[in-house]
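First comes the structure, then the notes that go with it.
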Amino acid sequence: MMRPLSSGFCCFGLAYLLWQSRDWRAWVITGIAVALTLGLYAAISLPYYGSLAAMYRSTSALSVGDGGWTGRLTNLARVGIYPIYGFHVWLVFILWAALAHWRSRKRPQLLFLASFAVPYFMLLVHYIPQAGYYCLLIPALVMLPACFPPPAPGGGLRLFTGISALFAAIALCQWLLVRPQPTTSLATGAANAYILDYSRSGIKQGKFETLASIMMKNNLDTNMIPPSRVLNLQRGGS
Amino acid sequence: MSAKVYWRGFWAIVLGGVIMRLISLCPFGFYGDVPLQLGAMRTNTVELNFPGYMPIQLLFSVLARCGLTPFGAMWLVSLTFGMGSVIYVALAARREAGPAFSLMAAVVMSFGILPLYFSVVGATYAADMLCASAMVFHGSIFLENRKTRVTLPWPGSVLES
């Protein structure tokens, strides 16, 4: 059911687990499961595409981010916006847990999460990231503080309750109160594309646009958009 | 924290997550490739951007033939996968760091903007979230036991390394 690229990155996590087991029977069982899954995937997909070559050719629709430093910096900004806006207090908690309990870290668990999350994150820095691509990283992000447990067991209930209440209050305000605004400038366009559309109001209005398409539609300055993307947008792409 | 208190809290958070998703019902499929997928379902073609959509596309089609509208099927799948992710992550968190941390993880998964949004727009990203959550949960069990355990769908068929 996953996207092929996402499942490919999950295989890094699987590889780490297999390496940890150092058991040839685990390798054989996993190899059979992976082969069966690939076979089933090909059996379902190939009839619709006609041939393996046609299926491979359909991947040419991938729109990779603009090369060069400008494109990379823009992508880096996008990479940061979604987790900061979506996880706010949780990111501070992760940082605190890592700094406070680094010595008692659970190394295998940490490496397991890093084995698939870090390579995937590196791809997002290069690719044009949109919020949906973060779905693979969300479980790793939520589980990350569990890799830094306090040295003594027990406790933390009051702290955890406080963080949960604060997180829920901020998240519900973001979800229920935030609304997309009319686009009049680059700033409002960016705010809509990266933050304000991701709300209940944005969903009710059916709002989803990339910054480039917002800029084009509202006749704003398009010099920042690479010519290849302008051409794609003029053809009806996103 | 007693087990009774934990499970009450757990189900209250899950119920809260479901309610938030139900009051945020999407009026039509608009997000990313969703319109393209709805079109592909209507015409029974594969005019999709990426080849990986086919298995989940078939699931949508099967559900749409069972009385749901095409977008209703996509919405139901993303909601189910989104809530499945909440449960998987909370259970993995309980194994790794105890019940209090588990409830906190359940709150983040239930009410966080991104998991909430992608549980209601009908996009396929919820499948990525569910599979990664399942991998985190089963990976956590594996790292504790260091054993591969495969259960096939008939009685007594457990393969263990």
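The values are calculated or read from the model by the stated rules, or taken from the named source; none is laboratory data. Predicted model, so just to flag it, every value in this text is computed and none were measured. Cβ sites come from the backbone with ideal geometry, for glycine too, and all protein chains shown count toward neighbours.
Data overview
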{"item": "Long-range neighbours under 9 Å by Cβ, at least six apart or interchain, first residue part of a loop (DSSP other than H, G, I, E, B) within the range A:123-136, second of a type in the set (Asp, Glu)", "result": "A:Ile128/A:Asp66"}
{"item": "Criterion (in contact with a Ser or Thr (Cβ under 6 Å, 6 or more places away or on another chain) and within 15 Å of B:Leu116 (Cβ to Cβ)) met by exactly one of A:Arg200, A:Arg179", "result": "A:Arg200"}
{"item": "Residue among B:Val5, B:Val62, B:Val107 that alone is surrounded by 16 or more Cβ atoms within 10 Å (Cβ to Cβ) and either modelled with pLDDT of 85 or more or more than 23 Å from A:Gly206 (Cα to Cα) (or both)", "result": "B:Val107"}
{"item": "Flag for B:Ala73 being in contact with an Asp or Glu (Cβ under 7 Å, 6 or more places away or on another chain) and either more than 9 Å from every other protein chain (Cβ to nearest Cβ) or not in a helix (DSSP H, G or I) (or both)", "result": "no"}
{"item": "Only listed residue being at pLDDT 90 or above, touching a Phe, Trp or Tyr at 6+ places or on another chain (Cβ under 9 Å) and away from chain B (no Cβ under 12 Å), chosen from A:Pro108, A:Pro145, A:Pro139, A:Pro119", "result": "A:Pro119"}
{"item": "Per-region count, the range A:121-149, residues surrounded by fewer than 23 Cβ atoms within 10 Å (Cβ to Cβ) and over 21 Å from B:Arg94 (Cα atoms)", "result": "11"}
{"item": "Options B:Gly29, B:Gly52; residue that is surrounded by 15 or more Cβ atoms within 10 Å (Cβ to Cβ), in contact with a Pro (Cβ under 6 Å, 6 or more places away or on another chain) and modelled with pLDDT under 85", "result": "B:Gly52"}
{"item": "Number of positions in the range A:167-187 that are in a helix (DSSP H, G or I), more than 10 Å from chain B (Cβ to nearest Cβ) and modelled with pLDDT of 90 or more", "result": "2"}
{"item": "Residues satisfying the stated conditions in the range A:16-29, i.e. more than 7 Å from chain B (Cβ to nearest Cβ) and either farther than 17 Å from A:Pro139 by Cβ or acidic (Asp, Glu) (or both)", "result": "A:Leu18, A:Trp19, A:Arg22, A:Trp24, A:Trp27, A:Val28"}
{"item": "Evaluation of A:Gly13 against (1) in contact (Cβ under 8 Å) with a residue 60 or more places away in the chain; (2) surrounded by fewer than 18 Cβ atoms within 10 Å (Cβ to Cβ); (3) facing chain B (nearest Cβ under 7 Å) (one fails), failing number", "result": "(2)"}
{"item": "Any chance A:Tyr82 is assigned to a helix (DSSP H, G or I), at the interface with chain B (Cβ under 8 Å from one of its Cβ atoms), over 19 Å from A:Cys10 (Cα atoms) and modelled with pLDDT of 85 or more", "result": "yes"}
{"item": "Qualifying position, being under 26 Å from A:Tyr48 (Cβ atoms), in contact (Cβ under 8 Å) with a residue 24 or more places away in the chain, in a helix (DSSP H, G or I) and of a type outside the set (A, V, I, L, M, F, W, C), among B:Arg21, B:Arg95, B:Arg42", "result": "B:Arg42"}
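Here is a yes/no grid of residues against (1) more than 9 Å from chain B (Cβ to nearest Cβ); (2) modelled with pLDDT of 90 or more; (3) in contact with a strand residue (DSSP E or B) (Cβ under 7 Å, 6 or more places away or on another chain); (4) closer than 18 Å to A:Met1 by Cα:
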| residue | (1), (2), (3), (4) |
| --- | --- |
| A:Ala42 | yes, no, no, yes |
| A:Ser45 | no, no, no, yes |
| A:Asn75 | yes, no, no, no |
| A:Trp96 | yes, yes, no, no |
| A:Leu99 | yes, yes, no, no |
| A:Ser104 | yes, no, no, no |
| A:Ser115 | yes, yes, no, no |
